[in-house]
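Accompanying notes for the structure given below.
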Amino acid sequence: MKRLFGTDGVRGIVPSELNPQFIAKLAWAIGSYFKEGSRILIGSDYRAGGEAIKSIVSGSLILSGVKVYDAGYAPTPALQYAVKSEGFDGGVVITASHNPPEYNGIKVIGPHGVEIEREEERVIEEIFWSEKFRVTGWRSAAWSTQKYPGVNDIYIRAVLSHVDRHLVAKRGFRVLVDPANNVGALTTPRLIRELGAKPVVVNGDLSHEPARAPEPTPESLRETSSAIRAFNCDLGVAHDGDADRSIIIDDQGRVHWGDRSAVLLARHLVLYKGLKGKVYTGVSSSTLVEDLLRPLGVEVVWLKVGSVDIAHAMRRSGDALCGFEENGGFMYPSHQYVRDGAMTTALFLELLATSGKRASELFSELPEYYVVKKKYPMSRELALRVVERVREEFKSERLITVDGVKVISRDYWVLVRPSGTEPLLRVMLEAKSEEVARSVLERVELAIREVTGA
Ligand code: MG
């Protein structure tokens, strides 16, 4: 059966891939998956095509016999929170998250506020391909979408309830916010104001053609990070398109990957908030996490790359302190089990306020590693053979094999895995020196050449 769902929802280029016929059929399958009469909350980010897709999805859902409530424009975590807290049976978000602007997508949310599980995606795909759609009775259809305003307000209130507002307000922080011309602009600046800090917003107008790539990375944030010092800000926060990720920029304009900021946040949760639990993350995160959290008695659980799997693992175990991805997605289970850009921002400001240090000082206390991230185009089949070959090559080291192979040694770690979405092999490597990094990469590249013959 051909897969429709990728790592997080169904994505495609608008309108060639996400065309009206495909969207209507997919939404009909989603509607048929939910029980007749279910209450479904729908919302979107500001990507091109979002309004049109939302109309088609809403129509299909209604004709399949579910009730549709329209939240309007909202960050994914705001809609997810409202699904959970307002007692909806599920949700649909029209977003392609961090993908380039020509993409859009559809995410399906369960009643717990987390994206539905992999098996449930399969059920929807089965309905789609077999065309076993539900047709509702003339008398039971709801016939119209109901507006459901206020989702962003509910969300901001919830985020605020988890941090010490007065403590943050005392510090009078200036915070640079870059929402990538998307829905984070509707919530994060307001949240910062409510925390008694002053937001300085760049790329804050809603636009179908964002001024920077929707994925927050050191490259896409070059201009944003230079504004930090120009505006004399204490901190910078950059979201992806649907504002579930927060990449932190320090007061010196340095952009930090999510695993580094997550370590600081996890420490804050233990030392300041007195919370206990395990930290859940994907194998693509740095082993720095283990090195720094183990002394605090915090165990790290390594999982397959992908926030949905991390969220469900935390939800099932019930013993999580927090979860995160190195791309800036941080999950705080006391609030909700999903990545949440505004929650991450609020917690980081609370951390800054309690530490009494500058953000740059906090990050400079973390060890620096030499980082290599590379991708090699190849089929999934070849990529899996490279993984096997690397596993053999490094068999005397500690190996984690939940997703590709991660080798953890004293002076380095390296992850070799097939991409979940593209015909690529991804290699991530951190080492204590450039020399070590180069020699490890050489061993990996030799394995690649042996398999591909290139
Ligand atoms: Mg996202």
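The values are calculated or read from the model by the stated rules, or taken from the named source; none is laboratory data. Computed from a prediction, not measured in an experiment: that's the story for all the values here. Every residue, glycine among them, receives a Cβ derived from its backbone with ideal geometry; neighbour counts consider all protein chains shown. To get the accessible areas, we keep the full protein, side chains included, count just its heavy atoms, and leave off ligands, DNA and RNA. Shrake-Rupley method; radii C 1.70, N 1.55, O 1.52, S 1.80 Å.
Among the residues here, PRO418 qualifies as over 17 Å from GLU397 (Cβ atoms), crowded, with 17+ Cβ neighbours inside 10 Å and either in contact with a helix residue (DSSP H, G or I) (Cβ under 9 Å, 6 or more places away or on another chain) or in the same structural domain as VAL387 (by TED's automatic domain parsing) (or both). Has the range 145-154 got at least one residue that is over 23 Å from SER307 (Cα atoms) and assigned to a strand (DSSP E or B)? Taking every residue of the range 145-154 in turn, at least one turns out to be over 23 Å from SER307 (Cα atoms) and assigned to a strand (DSSP E or B). The set of residues in the range 339-354 that are within 16 Å of the ligand (Cβ to nearest atom) and either assigned to a helix (DSSP H, G or I) or out of contact with any Asp or Glu (no Cβ under 8 Å at 6 or more places or on another chain) (or both) comprises GLY341, ALA342, MET343, THR344, THR345. Only one entry in LEU288, LEU293, LEU347 is under 27 Å from SER220 (Cα atoms) and surrounded by fewer than 22 Cβ atoms within 10 Å (Cβ to Cβ), namely LEU288. Residues considered: SER58, SER97. Of these, the only one that is more than 16 Å from the ligand (Cβ to nearest atom) and of a type in the set (Gly, Ala, Ser) is SER58. Among the residues of the range 309-319, some residue qualifies, meaning at least one is β-branched (Val, Ile, Thr), part of a helix (DSSP H, G or I) and modelled with pLDDT of 95 or more. Taken together, LEU415, LEU446 contain a single residue that is modelled with pLDDT of 95 or more and touching a strand residue (DSSP E or B) at 6+ places or on another chain (Cβ under 8 Å), which is LEU415. Evaluation of LEU61 against the conditions (1) open to solvent by less than 10 Å² (accessible area, probe 1.4 Å); (2) of a type outside the set (S, T, N, Q); (3) assigned to a strand (DSSP E or B) shows that the sole unmet condition is (3). Filtered by the rule that a residue be in a helix (DSSP H, G or I) and more than 16 Å from the ligand (Cβ to nearest atom), the range 242-260 gives ASP259, ARG260. Between LEU191, LEU235, LEU265, the distinction of being buried (at least 20 other Cβ atoms within 10 Å of the Cβ) and farther than 29 Å from GLY9 by Cα belongs to LEU235 only. Apart from one condition, GLY72 fits all of (1) in a strand (DSSP E or B); (2) open to solvent by less than 10 Å² (accessible area, probe 1.4 Å); the exception is (2).
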